[in-house]
1. What does the net charge come to around MET110 if you take all other residues with beta carbon closer than 9 Å to its beta carbon, with K and R at +1 and D and E at -1?
2. Quick one: pull the percentage of alpha-carbon pairs in the range 1-118 with a separation above 23 Å.
3. Going down the list LYS4/LYS40; LYS78/LYS147; LYS4/LYS50, which pairs span over 30 Å between their C-alpha atoms?
4. Expressed as a whole number of Å, what is the distance separating the alpha-carbon centroids of the range 1-41 and the range 59-93?
Amino acid sequence: MRHKVAGWKLGRNTSHRRSLLRNLVTSLIVEERIETTIPKAKAMRPQVEKMITLGKRGDLHARRQALRIVRGREVQAKLFGELAERFADRSGGYTRVLRTRRRPGDSAEMSIVSLLEAAPAAKATAEKGGKAPRKKAAEAKKAAAKKAAKAEKPEKKKAGTKKAAAKKGARKKKSSKSED
C-alpha cells in the first residue's frame, strides 16, 4: 500500500514526467481545452492552478517562476495578461475535468480538461461596478428547463403552397361525396 505517498508517477521517470506535465500545462494555457487521460489530468490540475495564481500575482518573481514551467514568451504573455484578468475575482478552481470516453486502442479513460469561462453575470457587474444579483438554484433550473422544452417543440407547418391547398380541398370533396 502507498500510505502517505503523494503525487502521480504516471509510469514515467522523473524527467519524463516533469516534461510531460510542463507540456500539458503549456498546451492547456494556449488552447484552453485539451483531451488527455484522467490520471494525467489530475496530475496536471494543481500545476495549472499554480500558474494562474502566479499570473494573477504578476510581479517579476512570479514571471520567472512561471517560465520554469510554461514554455514560450507568448504563453507567458497570455497567462499574465488575458487569464490573469479573467480570473481576477476568482480564488482558485480555474479548471474543469470532464470524463468523456474510453480510448479505443488501450481502453484508457479519457477526459477533457478546460479552463473555466468568466461568468456572464460577473462580466456585466464588472462593467457596472456592482455586485451580481444571485438567483436561487431552483429558479435557474426551471428557466433552463423551459428553454429546453421550447427548443424541443416542433413548429406546426402551414399549407403554404397551392398544391398542398389543392390536395386538401380535393380530400374534402371526396369525403363529402362518399357521405352522400
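Read the figures in this text as sums done on the coordinates, not as results from a lab. None of the values given here were measured: they were computed from a predicted structure. Neighbour counts are summed over all protein chains in view; Cβ atoms, including those assigned to glycine, are modelled from backbone coordinates with ideal geometry.
1. +2
2. 32
3. LYS78/LYS147
4. Computed from Cα coordinates, the inter-centre distance equals 19 Å.
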